[in-house]
Structures are given as C-alpha cells and as structure tokens.
Amino acid sequence: MALSGSALPLREPVQVMRIDVITLFPAIFTGYLDQSLLAKARKRGLVQIVLHDLRAWSPDKKHFKVDDRPYGGGPGMVIRVEPVVECVEAVQRMADVPGRLLVMSPTGRPLDQQLVRQLAASPRLILLCGRYEGFDQRVYDLLHPEPISIGPYVLNGGEVAAMVIIDSVIRWIPGVLGNEESCRSDSFSQDPHFVKAAQYTRPPEYRGLKVPEVLLSGDHEQIRKWREEDSRRRAELRRQWLARHDTACGNQTEEGRAPPHPPES
Ligand code: 6GU
C-alpha cells in the first residue's frame, strides 16, 4: 500500500525469513522460541518460525506411529518414508518458495560461520529433524535434503542442532540484533582466527581484579588500540592452546582441558 503525506513509514521495509521445522518433538522448541532476541524478532515479523509435528502425517491414525523395525534386522527403529515425504512436500507448498531443505545429521556438512551466512541469505529454510536410527533411505533419494552437522559428536536427535542453526542464522537477518555491527564483530565472523577483546562492566574492581585503566580513561583512540592489541594477544594464546592440544583433530588428551575462558596462558 502506498503511503502519502505525513504517513511516512517509520522503518525500512523488513526482510522476512521463514523457517519451517519438522520434528517428532515440537515442544522441545517452544521455550527457546519464546525467549529473548528470537521472541522479539518473531513479534516484529523479521522471522517466521513454523513447527510441524511429523506424527500428523503418520498413516497410522490411531497411534500416530512413524517408525518401524529395520529390514534386515539390527538395533533401533527407522523413521518411515511416507510421513516424511508427504510432510515435507506439504510444508514446501505452504509458501511461495520451496526453500532450502536441510536434514540434521552427524555425518552432514559441518556448520560454520560461512555456511551460517549463506543460509541466512535464503528466504526460507526447512529443517528436518530425525530421531532413532535415522530415516528410511528413500527419504534422501526422493527429497535430496542437504545434511548438516553441528559438530563431530552424536546427538539423540536433530532438534538441538536445528535450534543451533536457527540461533546462528537469525543474527544475520537485518534488524534482529539491536546493533547491526554486533554480528560482524563476533569472534569468527571476520576471519576464523579472530578473537574479540575482553569486555568489562561495573564494578571497576571485584575481588582484587581491576578493569584495565585505559577502558575507564575515555580516550577512544587509546581504547581502540588496547582492544586491537588484546584481540591479537588472545588470538595468539588460542592458537597456541589449540596446537598444544590438537583439538582440531579430536585428539584431545587428559591434560587437554580448556584454559579459563578466554585463554590466559
Ligand atoms: Cl545435525 N544431528 C544429530 N542427530 N547428531 C548430530 C548432529 C546433528 N550434529 C552433530 N551431531
């Protein structure tokens, strides 16, 4: 609708992103979705998150079962193909773009900040969460979802991973953070070796630990220099610590305990 006269829009037009989540446990998401930044972003219409209970697409209208025993035997249960394919197809038709279909999987593409930014540029994501021993192979053959992993470990299901994706992605939607610079100055956003300088707030002294004098000085140029230096120092400590403990290869040893955060030695 065109506006005229004094009825000028107060804000820039918003960019809305839609995220659909398909899960057997939608209740896992509700506490998270209703808090903090995400609740605000949803209220302001910057992001729309729609939960879908996979059981609603179960062919079993009595017990709403969606899993079954694996052909060929073996432990655990497998999620059947029909409810998943029919649910995903129905969800894809619910909006004018089909969106990027992601399946949460420990063997998927590792989520990193570059992928987060790429996902944030999409107008729509559909996050498919599995449980049990996984989906029937035909889910992959028919829907070609992109498998995404949040790290080299196994979770009980994809729900926590989906929340990690949502949490990291919405930071990049314009207007979601109070300060547009915040997401850009995050550790890892500029380059994967970037570490933020230490932050302090009141009181100026606690248990003998004092806030660095320069931060109280009001001298912005000196503060900028101190932060740059502190950031470099921390990045170097982190690099040394990671090299010592070889964490990148998952070979963390007994003494590979994390240093106090941020690394001090
Ligand atoms: Cl995305 N899903 C599951 N089930 N386990 C995981 C994971 C995802 N990422 C790491 N482990």
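Computed from the coordinates by the stated procedures, all read-outs in this text should not be read as laboratory data. Everything numeric in this text was worked out from a predicted model, so none of it was measured. No Cβ is skipped: glycine too gets one built from the backbone with ideal geometry, and neighbour counts run over all protein chains shown.
Before moving on, here are some points about what is shown:
- Ordered by the number of other Cβ atoms lying within 10 Å of each residue's own Cβ, fewest first, 119, 38 fall into the sequence 38, 119.
- When the chymotrypsin sites (Phe, Trp or Tyr not before Pro) in the range 17-108 are filtered for DSSP coil states and for at most 11 other beta-carbon atoms within 10 Å of their beta-carbon, the remaining sites are 71.
- The protection proxy used here, the mean number of other Cβ atoms lying within 10 Å of each residue, ranks peptides 140-147, 213-220 as follows, highest first: 140-147, 213-220.
- Relative to the globular-protein estimate of 2.2 N^0.38 Å, the Cα radius of gyration of the range 17-170 stands at 1.02.
- Compactness of the range 195-249 - radius of gyration and Dmax, Cα, Å: 14.3, 43
- Relative contact order (%) - the range 195-249, alpha-carbon pairs under 8 angstrom, separation at least six: 44 percent
- Extension gain (nm, one decimal) between residue 92 and residue 216, 0.36 nm per residue minus Cα-Cα: 39.3 nm
- The trypsin sites (Lys or Arg not before Pro) of the range 32-70 that meet both conditions, a loop assignment by DSSP and at most 13 other Cβ atoms within 10 Å of the site Cβ, are 44, 61, 62, 65.
- Sorting 63, 52 from the fewest to the most surrounding beta carbons within 10 angstrom yields 63, 52.
- Full extension of the segment from residue 30 to residue 186, taken as 0.36 nm per residue of separation minus the current Cα-Cα distance, would add 53.5 nm.
- When 30, 23, 201 are sorted by how many other C-beta atoms sit within 10 angstrom of their C-beta, beginning with the fewest, the order is 201, 30, 23.
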